[in-house]
Amino acid sequence: MDEGKSTVRAVDRALDILLCFTTKTDWAMTEIAEHVGLHKSTVHRMLATLEEKGFIERDRSTDRYHLGLKVWELSANLSRTDDQATIWLPELVRLRDQLGETVSIYVRDGAERIRLQAVQSNQPVRRVAPVGVRLPLYAGASSKVLIAYEEPSMQESLLQSIAWPQTVDLEQYRQQLLEVQAQGYATSFEEREEGAAALSAPIFDRNGKLGAALSVSGPASRLKPQTMRDYAPVMIEAARRMGTMIR
């Protein structure tokens, strides 16, 4: 009985910590301890567990905590007006209607990317993009964006940690990342799926930090190189507008 009560108390405390993030986006550990009325050592243990499970992330440069990507995954099946993926939805619909292809939002989680939101193309032949799916970071236009616009130290860490297929020349990939940075968008042709192509642009927050990757994808027979170049300014402008919506 005592063990059961202890477990419930631990869950209650963890939830109290998570609920701190309903009032502001980032907290120092001492601020959390004061807010929830717990000893700093207890909060430290709770945060370590929540961070391990992906519900909390710690900014190594500031030592402050913010919500992790697991929260996004849980919210993928919800419809809330304050959910960032939901806030972006009207812009995605507008972009889908303008370009006629499937539009998606991706974020990075370690050496993988997660599709946070997607609006499917209305065309008979289309690329279906389920929300919440995890994909490898070594292929795809959005993967290049998510790596290219990372901080240099993190970018290098990712390049060293990704399990690259033998078909990928890492030095050539580094050159592609430089091209992505120079032109402001990335493209991919049948890198992960045969017959599929994609174009992706970075979404930056108001501080210029990479928030997500905006992607349009479809059959390579429609998304040809010239089509990609024509769509690129539209994607970049849409990504810019979406960046102003980041909370």
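The values are calculated or read from the model by the stated rules, or taken from the named source; none is laboratory data. Keep in mind that this is a model prediction, so the values were computed, not measured. Note that we place each Cβ from the backbone using ideal geometry, even for glycine, and neighbour counts take in every protein chain shown. Heavy atoms of the whole protein, side chains included, go into the accessibility calculation; ligands, DNA and RNA do not. Shrake-Rupley method; radii C 1.70, N 1.55, O 1.52, S 1.80 Å.
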Check: Along region 114-124, what does the Karplus equation 6.51 cos²θ - 1.76 cosθ + 1.60 (θ = phi - 60°) give for ³J(HN,Hα), rounded to whole Hz, x for Gly and Pro?
Finding: 10, 7, 7, 8, 7, 10, 6, 4, 8, 6, x
Check: Gaussian network model of the chain, Cα springs within a sub-10 Å range: biggest mean-square fluctuation belongs to which of Ala111, Ala198, Ala14?
Finding: Ala14
Item checked: Helix axis angle, 40-52 relative to the chain longest principal axis, alpha carbon, degrees -> 30
Margin query: Running a GNM on the chain with Cα contacts under 10 Å, which residue among Pro152, Pro130, Pro233 ends up with the highest mean-square fluctuation?
Written below: Pro152
Check: Roughly what would the spin-label model give for Thr244 and Asp169, points 7 Å off Cα along C-beta, in nm?
Finding: 4.3
Checklist line | Extension reserve of the Leu89-Glu156 stretch, reckoned as 0.36 nm per residue once the Cα distance is removed | finding: 20.9 nm
Check: Per residue, how much accessible area does region 1-61 show when a 1.4 Å probe rolls over the protein heavy atoms, in square angstrom?
Finding: 69
Next item on the list: For the chain, find the longest principal axis of its Cα atoms and tell me its angle to the long axis of helix 152-161, 0 to 90°, nearest 10.
Entry: 80
Next item on the list: With a 1.4 Å probe and every protein chain left in place, work out the accessible area per residue of region 83-213 in Å², rounded to a whole number.
Entry: 47
Item checked: Karplus-derived 3J(HN,Hα), 6.51/-1.76/1.60, for each residue of region 22-27, Hz, glycine and proline x -> 7, 9, 7, 7, 9, 9
Check: Where the convex hull is taken over the Cα atoms of region 180-240, what is its projected area averaged over directions, in nm²?
Finding: 4.1
Check: Using a 1.4 Å probe on the protein chains only, how many percent of the accessible area of region 98-247 belongs to carbon and sulfur?
Finding: 49
Note to self: Return the equivalent ellipsoid semi-axes of region 146-247 as a descending list in whole Å, where each equals the square root of 5 times an eigenvalue of the C-alpha gyration tensor.
What the structure shows: 22, 21, 11
Margin query: What is the angle, in °, between the Cα long axis of helix 225-243 and the longest principal axis of the Cα atoms in the chain? Nearest 10 is fine, range 0 to 90.
Written below: 30
